[in-house]
Amino acid sequence: MTRSNLFTGLISKISARYQLIDTLFSLVGINIILAGLSFVTTLFIANILGRELFGDLSYAIAVGGYCFTIAYCGLERTLVRDLVHFPKRFDNYISSSILLRCLMVTLAFVGIVGLNAFTAEENRLGIAGMVVVFAVGIKALDLGQVYDAWNKMKQHAVYFLMERCLYFACIWLTILFFRASLSVAVISFFMLGSIAFGFFLQYRWALPRIKIKANTEALALAGEMLKKNLWIWSAVLATLSFGGLSKIVLKHVSGSGELGGYALAWQVVLLGSILITPIGRVGSLRMAKVVQPDVSQARRIRFLLQYTTLSVLVGTVIGLPAICFPTLILKLFRPEYVSAAASMRILGIYVIIVAIGQVGYQYLIAVRKERVCSLCFFLAGFVSIALYYVLIPRYAGMGAALAVLLSHGFGILISLIVVLSDLRYTAQGHTIPRGKKVKK
């Protein structure tokens with residue numbers, strides 16, 4: 001190899017590494033801003049609404065999480081992988097994914113409206129609650145995975161920042177000038193409006209660069225994607241047992257007041273997610289590339305160790321203060337929220353464990369072990385339901401937090417054992433992981 005070729009290769013590697021670091025720091029920086037704004041805004045919302053109304057808002061968001069997950073069909077886990085592995089079908093996959101999500105969000109919302117009609121009156125969602133459910137559900141039409149595959153994560157993050165800033169601005173203007181008018185109904189309107197604005201920004205830039213195909217071929221591929229994603233979709237639904245279901249069960253067993261305290265403690269998990277998500281976005285794209293057969297085992301393991309270390313460090317930034325100083329943090333809120341200190345401490349530990357689990361989960365998806373991954377979380381989901389039945393009636397919010405930690409931690413432990421087994425298998429000379437091959 002000539003000196004010029006060596007120099008060119010070195011420059012290319014430095015440029016790629018700089019771009020990766022620049023993207024990562026930009027995403028983390030934007031999410032730190034969002035985490036700060038989110039915490040302060042939630043502080044005022046919780047104090048103005050009080051435990052019961054804040055609990056009602058959290059309940060609607062939890063139900064909306066089911067609408068979102070049903071509508072997304074697991075594509076948030078697999079679409080980047082497919083776009084990277086099959087670049088020639090880029091437009092087809094995007095067109096079919098949008099079509100599929102539009103159909104599913106409609107079916108999911110109609111189904112939730114139907115179920116809500118048969119719910120006991122004290123637990124029934126009102127019009128404002130249903131608007132919150134719809135606002136959370138239509139987030140499934142987000143183009144985040146498309147921007148990730150284009151390596152335009154920073155641009156998408158800026159659009160998301162603008163969307164959230166609009167939401168925060170509306171909330172703060174209301175607090176400053178119409179404080180007494182702040183309600184779940186007003187918040188739901190702001191949520192829906194800001195999400196619509198975010199979609200406008202995303203689609204305005206992306207659509208001219210995509211050849212949208214709304215035909216029978218796109219519909220057929222949408223059906224194929226749905227069928228292919230059944231296992232991972234089921235796994236994502238199962239993971240709601242660790243968050244959304246805990247709130248729904250707590251609401252039905254202990255009431256809105258208890259849910260309000262638990263939901264405030266859960267803000268630790270949301271803040272952790274805000275910081276861990278950008279690491280996961282960059283890591284997901286890198287993971288899809290690093291598990292391909294032409295990548296050496298040493299490089300794969302090195303990446304996994306670096307990724308895990310970074311994820312744990314970020315999780316600890318949020319988790320450690322919640323573990324050590326929950327009472328001090330809760331003194332920022334009304335005195336009625338102080339009883340949630342035990343829940344916050346447990347959820348601080350949970351944030352760190354979830355950061356570790358993200359790496360194992362993405363690895364299993366990248367090597368196409370969706371079925372194994374799903375079984376891990378199905379089992380953990382059933383464990384969570386059993387623990388809710390035992391712990392929530394006895395310990396209320398603290399019981400819900402403990403059930404989430406134990407059940408999800410159990411699922412993550414199993415998935416990490418499978419990851420280590422797969423790495424040992426490839427170390428024996430097998431260059432292609434044992435996941436099912438997919439025809440191009």
Using the Karplus curve 6.51 cos²θ - 1.76 cosθ + 1.60 with θ = phi - 60°, what ³J(HN,Hα) values do you get for each residue of segment 54-68, in whole Hz, with x for Gly and Pro? 5, x, 5, 4, 5, 5, 5, 5, 5, 5, x, x, 5, 4, 4
Linear extension gain, Thr41 paired with Arg299, 0.36 nm per residue minus alpha-carbon span: 88.6 nm
In sequence order, calculated HN-Hα J values of segment 136-143 (Karplus, 6.51, -1.76, 1.60; Hz; x Gly/Pro): 5, x, 6, 4, 5, 8, 4, 9
Among the aspartates and glutamates, which have Cα under 14 Å from the Cα of Lys213 when same-chain residues fewer than 8 positions away are ignored? Asp91
Measuring from centroid to centroid over Cα atoms, what is the spacing of segment 200-254 and segment 345-364 in Å? 22 Å
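What net charge is computed for the residues neighbouring Gly360, neighbours being all others with C-beta under 12 Å from the C-beta of Gly360, Lys and Arg scored +1, Asp and Glu -1? Please report the intermediate quantities before stating the final value.
Values: positive: Lys369; negative: Asp422.
Result for the local shell: 0.
Given the pairs Lys211/Lys247; Lys154/Lys228; Lys247/Lys369; Lys152/Lys251; Lys227/Lys247; Lys251/Lys369, which span a C-alpha to C-alpha distance of over 32 angstrom in this model?
Values: Lys211/Lys247 41 Å; Lys154/Lys228 29 Å; Lys247/Lys369 30 Å; Lys152/Lys251 40 Å; Lys227/Lys247 30 Å; Lys251/Lys369 35 Å.
Over 32 Å apart, Cα to Cα: Lys211/Lys247; Lys152/Lys251; Lys251/Lys369.
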Report the Cα centroid-to-centroid distance between segment 29-77 and segment 320-339 in angstrom, as an integer. 19 Å
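Going by average Cβ neighbours within 10 Å, how do the peptides 201-208, 42-49, 128-135 rank, with the highest at the top?
On the way: 201-208: 14.4, 42-49: 17.8, 128-135: 22.2.
Ranking, from highest mean packing down: 128-135, 42-49, 201-208.
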So, counting K/R as plus one and D/E as minus one, what does the shell of residues with Cβ under 13 Å around Arg124 add up to? -2
Taking every other residue with Cβ under 9 Å from the Cβ of Asp91 and scoring Lys and Arg +1, Asp and Glu -1, one gets +3
Protection proxy ranking of 323-336, 346-359 - average other beta-carbon atoms within 10 Å, highest first: 346-359, 323-336
When 1/r is averaged over all different Cα pairs and the result inverted, which Kirkwood radius in Å belongs to segment 191-337? 19.9 Å
Can you figure out the FRET efficiency of Val338 with Arg286, using R₀ = 45 Å and their beta-carbon distance, to the nearest 0.05? 0.60
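Compare the peptides 62-72, 154-164 by average per-residue count of other Cβ atoms within 10 angstrom and give them in order, highest first. Intermediate values should be presented prior to the final figure.
Values: 62-72: 24.0, 154-164: 19.1.
Ranked from most to least packed, the peptides come out as 62-72, 154-164.
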In degrees, nearest 10, the alpha-carbon axis of helix 90-117 is tilted away from the dominant principal axis of the alpha carbons of the chain by 20 degrees
Going by alpha carbons, how many degrees (0 to 90, nearest 10) lie between the helix axis of 153-177 and the longest principal axis of the chain? 10 degrees
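What is the calculated FRET efficiency for Lys331 to Arg394, with r their C-beta to C-beta distance and R₀ = 25 Å, to the nearest 0.05?
Values: r = 27 Å, r/R0 = 1.08.
Calculated transfer efficiency: 0.40.
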As I understand it, the value is the acute angle between the Cα axis of helix 370-427 and the longest principal axis of the Cα atoms of the chain; what does it come to in degrees, rounded to 10? 0 degrees
Could you tell me the largest-minus-smallest coordinate of the C-alpha atoms of the chain on each of the three principal axes, in descending order and whole angstroms? 72, 44, 40
Using θ = phi - 60° and the Karplus relation 6.51 cos²θ - 1.76 cosθ + 1.60, list the HN-Hα couplings for segment 320-337 in order, rounded to whole Hz, with x at every Gly or Pro. 5, x, 5, 6, 8, 10, x, 5, 4, 5, 6, 5, 6, 10, 4, x, 5, 8
Could you name the aspartates and glutamates in cross-link range of Lys139, using Cα to Cα under 13 Å and dropping any fewer than eight places away on the same chain? Glu76, Glu163
Nonlocal amide H pairs with Lys213, under 5 Å, H built at 1.01 Å: Ser95
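None of the figures in this text is laboratory data; all of them are computed from the coordinates on show. If you're wondering where the values come from, they're calculated on a predicted model, not measured in any experiment. Cβ atoms come from the backbone with ideal geometry, glycine included; neighbour counts cover every protein chain shown.
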